[in-house]
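One structure is given below, encoded as structure tokens.
The values are calculated or read from the model by the stated rules, or taken from the named source; none is laboratory data. In this text the structure is predicted, and so the values were computed from the model without any measurement. Positions of Cβ are backbone-derived with ideal geometry, glycine not excepted, and every protein chain shown enters the neighbour counts. Quick note on the areas: whole protein, heavy atoms, side chains included, nothing else; ligands and nucleic acids left out. Shrake-Rupley method; radii C 1.70, N 1.55, O 1.52, S 1.80 Å.
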Amino acid sequence: MLLHVTHETRYAYAPPVETAQHLAHLKPIACASQRLVSHALTIEPAPAQRSESPDVYGNARAFFALDSTHDELVVTAESVVETAVPQLSPAADRALPWEAVRERFRYAKGAAFDPACEFVFPSTYVPRHEDFAAYARPSFVPGRPLFDAAMDLALRMHRDFVYDAESTEINTPAIEALAQRKGVCQDFAHIMIACLRTMGLPARYVSGYLLTQPPPGEPRLVGADASHAWVSVYLPGTEGPGDWSGFDPTNGRQPGADYVMLAIGRDYADVSPMRGVLHGGARHTLDVRVTVQPLEELREEAARAAQSQSQSQSQNQTPNHQDKEPS
């Protein structure tokens, strides 16, 4: 599936910002289930400096600096991504019991190093807490394969939690969102990761986008979509390295070809779309607009618009002939 993603971030500052430096994670990563066809990052006003480099997790990270006074910043990322249904590597053991995976990541002198161990530890937005373990335990019955336990946990969260955009803020602790059983996809991802890590299992945060279909007969609204977040759980091999498998507790499913991966990290703090250090701009308003649509649909819309414009121009250029009176 070819998906076209537009992610526009608009800041309005008061008083104006004098200088600023920003980091952005807005370029989709390349992986086995998706290929980045094109990407463009437009920044207004034009930055004095800009560069791109990979972060420690392999995500593309854009840096830019502005050295002139500005009261507005508009950053637009436009990407075309070819996606497919993620396939679990044969190296991963889908039937491995969760206890065996937990034991694999307990420290033991001389044990083989697995890079996934980094995702067992607490992080900025994902602490360990007994409340997370208490919620997770019904899914992690003895001997259950980790894949099945993670899927059951995601399905339980989908049933138990209410999606409510007004119930939490970016900095709302995951333990608070767990207690109220409300939040947004970011909260649900943090809660599921905290449940897994508290059980001693490696899990990471995935930011990205989800193709949402408009109601039948209604047009797709530009800017009406939002960025998305889900969870990636590590399934080791029987004897060695394995693979990561995605789970979306917000929708109670695994990611498919309708998902676009943007970046991976320990939690939201590692992959926030935009962050910056400002001199000035004590107050600001933020407006984020995201549109995800099939590329073919976008091309059809462009063709219809071009045809309509051509017809309009043709009608405007047609001379207005009047019948002559007979002589």
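So how many residues does the range 84-129 have that are in a loop (DSSP other than H, G, I, E, B) and of a type outside the set (Asp, Glu)? Of the residues in the range 84-129, 28 are in a loop (DSSP other than H, G, I, E, B) and of a type outside the set (Asp, Glu). Being open to solvent by 60 Å² or more (accessible area, probe 1.4 Å) and of a type outside the set (Gly, Ala, Ser) is the filter here, so list the residues in the range 171-182 that pass it. Answer for the range 171-182, where residues must be open to solvent by 60 Å² or more (accessible area, probe 1.4 Å) and of a type outside the set (Gly, Ala, Ser): 171, 173, 176, 180, 181, 182.
Among the residues of the range 208-221, none qualifies, meaning not one is more than 19 Å from the chain's Cα centre (by Cα) and either crowded, with 24+ Cβ neighbours inside 10 Å or in a helix (DSSP H, G or I) (or both). Among the listed residues 113, 132, identify the single one that is touching a Cys at 6+ places or on another chain (Cβ under 9 Å) and over 30 Å from residue 10 (Cα atoms). Unique residue meeting the criteria: 132.
Inspection of the range 102-109 finds a residue satisfying the criterion of being modelled with pLDDT of 95 or more and either under 16 Å from the mean Cα position of the chain (by Cα) or open to solvent by less than 70 Å² (accessible area, probe 1.4 Å) (or both). Residues that are within 26 Å of residue 269 (Cβ to Cβ) and either in a loop (DSSP other than H, G, I, E, B) or touching a helix residue (DSSP H, G or I) at 6+ places or on another chain (Cβ under 6 Å) (or both) within the range 37-62 comprise 47, 55, 56, 57, 58, 59, listed in sequence order.
Residues in the range 140-170 that are open to solvent by 80 Å² or more (accessible area, probe 1.4 Å) and part of a loop (DSSP other than H, G, I, E, B): how many? Adding up the residues that qualify gives 4. Considering the range 176-187, the residues that are part of a helix (DSSP H, G or I) and out of contact with any helix residue (DSSP H, G or I) (no Cβ under 6 Å at 6 or more places or on another chain) include one that is nearest to residue 249 (Cα to Cα), namely 185. Regarding residue 137, is this residue under 30 Å from residue 181 (Cβ atoms), open to solvent by 60 Å² or more (accessible area, probe 1.4 Å) and either aliphatic (A, V, I, L, M) or in a loop (DSSP other than H, G, I, E, B) (or both)? No.
Exactly one residue among 30, 46 is at pLDDT below 95 and open to solvent by 50 Å² or more (accessible area, probe 1.4 Å), and that residue is 30. With respect to the conditions (1) surrounded by fewer than 15 Cβ atoms within 10 Å (Cβ to Cβ); (2) part of a strand (DSSP E or B); (3) not basic (Lys, Arg), residue 65 falls short on a single one, namely (1). As a summary of the residue check, residue 81 satisfies the conditions (1) closer than 30 Å to residue 279 by Cα; (2) in a strand (DSSP E or B) except for the one numbered (1).
The residues on offer are 168, 238, 212, 172, and the sole one that is within 27 Å of residue 291 (Cα to Cα) and touching a residue at least 24 places away in the same chain (Cβ under 8 Å) is 212. Could you please let me know if residue 33 is without any contact (Cβ under 8 Å) to a residue 24 or more places away in the chain and at negative phi? Here the answer is no, as residue 33 does not meet what is asked.
Screening the candidates 136, 189, 174 for the property of being over 26 Å from residue 25 (Cα atoms), of a type in the set (Gly, Ala, Ser) and modelled with pLDDT of 95 or more yields one hit, 136.
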